[in-house]
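Engineer: Questions regarding the structure given below will be posed in turn.
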Amino acid sequence: MLTGCLLAAMCAMPVIAAAGKPAPKTLTRGDLPAGFAIGTGSPSLALQVELVDGKVTTSAPAGDAPGNLRATRSGDATQTTLMVSSTLPVAVKFDLYVSADGERFEYASSCGVTPGVSSFEMWERPIQAFALGNPRVLPKGRMVCD
């Protein structure tokens, strides 16, 4: 119920296009851009994002550290859910790729994350691995899902 309410509220917000070029639709694991956190999302997948003057200056996989942009998976053999949360003081959007086999990654639509609110992404199929990267700050009061 909470997930449905959160998704409905997020979809009702104004939508803007992500800055820059669109992400490629399908990539092999070796072709994923540098700086992406890649893994199963269990226990979590994380980036450490640094901001200066309200803009992302660097981001890198957090490794064993908790990071400030995190994704955690749940689900079963027929459905996969990824909860994305952030401790950053601004809303951020990111690129997300999913893989059924851990080698071929498809770009997945995802919603930005606002401070203190988690985003939930769901697929009606099993997902083996995720790639999370390219975080960028969203304009204040705006949300994007693409």
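No value in this document is a laboratory result; all are computed from the given coordinates. Everything numeric here is computed off the predicted structure, so don't read it as measured data. Glycine also receives a Cβ, built like all others from the backbone with ideal geometry; neighbour counts cover every protein chain displayed.
Engineer: For a test of the definition: using alpha carbon positions, the gyration tensor, and the 1.5 limit on a/c, classify the range 38-106 as rounded, prolate or oblate.
Structural biologist: prolate
Engineer: A follow-up question, please. Using a/c under 1.5 as the rounded threshold, could you call the range 27-72 rounded, prolate or oblate? The axes a ≥ b ≥ c are square roots of the C-alpha gyration tensor eigenvalues, and prolate needs a/b larger than b/c, oblate otherwise.
Structural biologist: In terms of gyration-tensor shape, oblate.
Engineer: Taking only C-alpha pairs under 8 Å that are 6+ residues apart, what is the relative contact order of the range 20-91 in percent?
Structural biologist: Once divided by the residue count of the range 20-91, the mean separation gives 24 percent.
Engineer: Work out from phi, with θ = phi - 60° and the Karplus expression 6.51 cos²θ - 1.76 cosθ + 1.60, the ³J(HN,Hα) of each residue of the range 87-92, listed in order in whole Hz, and give x for Gly and Pro.
Structural biologist: Couplings: 9, 6, x, 10, 6, 10 Hz.
Engineer: With the dipole of the chain worked out from charges on the C-beta (+1 for Lys and Arg, -1 for Asp and Glu) around the Cα centre, which of A100, T40, L88 lies farthest toward the positive end?
Structural biologist: L88
Engineer: For the chain, just the Cα atoms, rotate onto the principal axes and tell me the three extents in Å, largest first.
Structural biologist: Result for the chain: principal-axis Cα extents of 38, 36, 30 Å.
Engineer: Can you compute 3J(HN,Hα) from phi for each residue in the range 113-121, using the Karplus curve 6.51 cos²θ - 1.76 cosθ + 1.60 with θ = phi - 60°, rounded to whole Hz and x for Gly and Pro?
Structural biologist: Per-residue couplings from phi come out as 10, 9, x, x, 10, 8, 10, 10, 10 Hz.
Engineer: Normalised by the residues of the range 2-137, what does the relative contact order come to in percent, with Cα pairs under 8 Å and at least six apart?
Structural biologist: About 28 percent, as a whole number.
Engineer: Using only alpha carbon pairs under 8 Å that are at least six residues apart, calculate the relative contact order of the range 57-129 and give it in whole percent.
Structural biologist: 34
Engineer: Now, a different point. May I ask you to compute the full-extension gain from W123 to A100, defined as 0.36 nm times their residue separation minus their alpha-carbon distance, rounded to one decimal in nm? Write out the running numbers ahead of the final one.
Structural biologist: Details: separation 23, 0.36 × 23 = 8.28 nm, distance 1.10 nm.
Separation in residues times 0.36 nm, less the Cα-Cα distance, equals 7.2 nm.
Engineer: Stretch T28-Q48 to full length: gain in nm at 0.36 nm per residue minus the Cα-Cα span?
Structural biologist: The span from T28 to Q48 would gain 4.8 nm if fully extended.
Engineer: Then there's this: In deg cm²/dmol, rounded to 500, what helix-only [θ] at 222 nm does the chain give when every DSSP H run of at least 4 residues adds -39500 (n - 2.57) and the total is split over its residues? Intermediate values should be presented prior to the final figure.
Structural biologist: Numbers: 1 runs with 11 residues, N = 146.
After summing the helix terms and dividing by residue count, I get -2500 deg cm²/dmol.
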